[in-house]
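Enquirer: Next up is a structure, given as structure tokens.
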Amino acid sequence: MTNQDEEKIRKAFAAKDWNDIKASDSWQIFKIMSEFVEGFEKMSRIGPCVSIFGSARTKPENPYYKLAEEIAFKLTREGYGVITGGGPGVMEAANKGAKAGGGRSVGLNIDLPFEQSANPFVDNDKNINFDYFFVRKTIFLKYSQGFIAMPGGFGTLDELFEAITLIQTNKVAHFPIVLAGKKYWEGLMIWVKETMLLEEHNIHEKDLDLFKIVDTADEAVAIINEFYSKYLLKPNF
């Protein structure tokens, strides 16, 4: 633990009177509201999009970088825009593919002390910056007609499982979720099936149908197209 971490903990537990708490919380509400308003206003004009998310640490020579770029390119050729977290790695690859395909390239950038900075392939008028992860995730879900989960870390898993949970609980429309990279997701899926489902019965067998796992860009795009060949595109909320 660094000195900076210790200082944050001490500050969090420091005594505050009611006026300090009330004033701080009130101003924070306005900041949160402003992020929602900006996100809603900009995204409502963009049209149907598919979110592609994955690791910020994936390098251009990594096969998953190239796969994300190909998926995004092919999605834009089918008429979809592409939404990413706006940063490097998989996000950069997807925005790059969307740009090459002549489609809308959206970046929902989060302010972080490391890793994250806007990549150059996001459209200038479609780059939105956030301080709050939960606001950013709401925008992802509200304006996405499908999710493509590329290999990533804790943030990717957070976004993936929130999307699955919201569909499972009927809080959003049942839009397609695709996990790209069978080798990467294989171990997690074994645990989900053997431990969560069969041993502990914490999910239902039909919940496994909420997502598909693929290895190629054509498979990923086909799942999105097949789903929307049956339904009209509409907002998720």
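Enquirer: Would you say Lys99 is buried (at least 20 other Cβ atoms within 10 Å of the Cβ) and either of a type in the set (Asp, Glu) or at pLDDT 95 or above (or both)? Before you say what the answer is, go through the steps one by one.
Expert: Details: buried (at least 20 other Cβ atoms within 10 Å of the Cβ): yes; either of a type in the set (Asp, Glu) or at pLDDT 95 or above (or both): yes.
So Lys99 passes the test.
Enquirer: Would you be able to say whether some residue in segment 37-48 is surrounded by 13 or more Cβ atoms within 10 Å (Cβ to Cβ) and either modelled with pLDDT of 95 or more or in contact with a His (Cβ under 6 Å, 6 or more places away or on another chain) (or both)?
Expert: Taking segment 37-48 and keeping what is surrounded by 13 or more Cβ atoms within 10 Å (Cβ to Cβ), we get 38-40, 42-43, 46-48.
After this cut, where a residue has to be either modelled with pLDDT of 95 or more or in contact with a His (Cβ under 6 Å, 6 or more places away or on another chain) (or both) as well, the list is none.
So far as segment 37-48 goes, no, none of its residues is surrounded by 13 or more Cβ atoms within 10 Å (Cβ to Cβ) and either modelled with pLDDT of 95 or more or in contact with a His (Cβ under 6 Å, 6 or more places away or on another chain) (or both).
Enquirer: If you check Phe133 against the conditions, is it of a type in the set (A, V, I, L, M, F, W, C), surrounded by fewer than 19 Cβ atoms within 10 Å (Cβ to Cβ), in contact with a strand residue (DSSP E or B) (Cβ under 7 Å, 6 or more places away or on another chain) and under 23 Å from Pro176 (Cα atoms)?
Expert: Details: of a type in the set (A, V, I, L, M, F, W, C): yes; surrounded by fewer than 19 Cβ atoms within 10 Å (Cβ to Cβ): yes; in contact with a strand residue (DSSP E or B) (Cβ under 7 Å, 6 or more places away or on another chain): yes; under 23 Å from Pro176 (Cα atoms): yes.
In short, yes.
Enquirer: Is it the case that Gly102 is under 13 Å from the mean Cα position of the chain (by Cα) and not in a helix (DSSP H, G or I)?
Expert: On the way: under 13 Å from the mean Cα position of the chain (by Cα): no; not in a helix (DSSP H, G or I): yes.
Answer is no for this residue.
Enquirer: Now, a different point. Out of Thr216, Thr195, Thr165, I need the residue that is touching an Asp or Glu at 6+ places or on another chain (Cβ under 9 Å), at pLDDT 95 or above and either of a type in the set (S, T, N, Q) or farther than 25 Å from Asn95 by Cβ (or both). Which one? Give the derivation first.
Expert: On the way: Thr195 fails: touching an Asp or Glu at 6+ places or on another chain (Cβ under 9 Å); Thr165 fails: touching an Asp or Glu at 6+ places or on another chain (Cβ under 9 Å).
None of the others qualify; the one that does is Thr216.
The values are calculated or read from the model by the stated rules, or taken from the named source; none is laboratory data. Because the structure is a prediction, the values reported are computed rather than measured. Ideal geometry is used to build each Cβ from the backbone, glycine not excepted, and the neighbour counts take in all protein chains shown.
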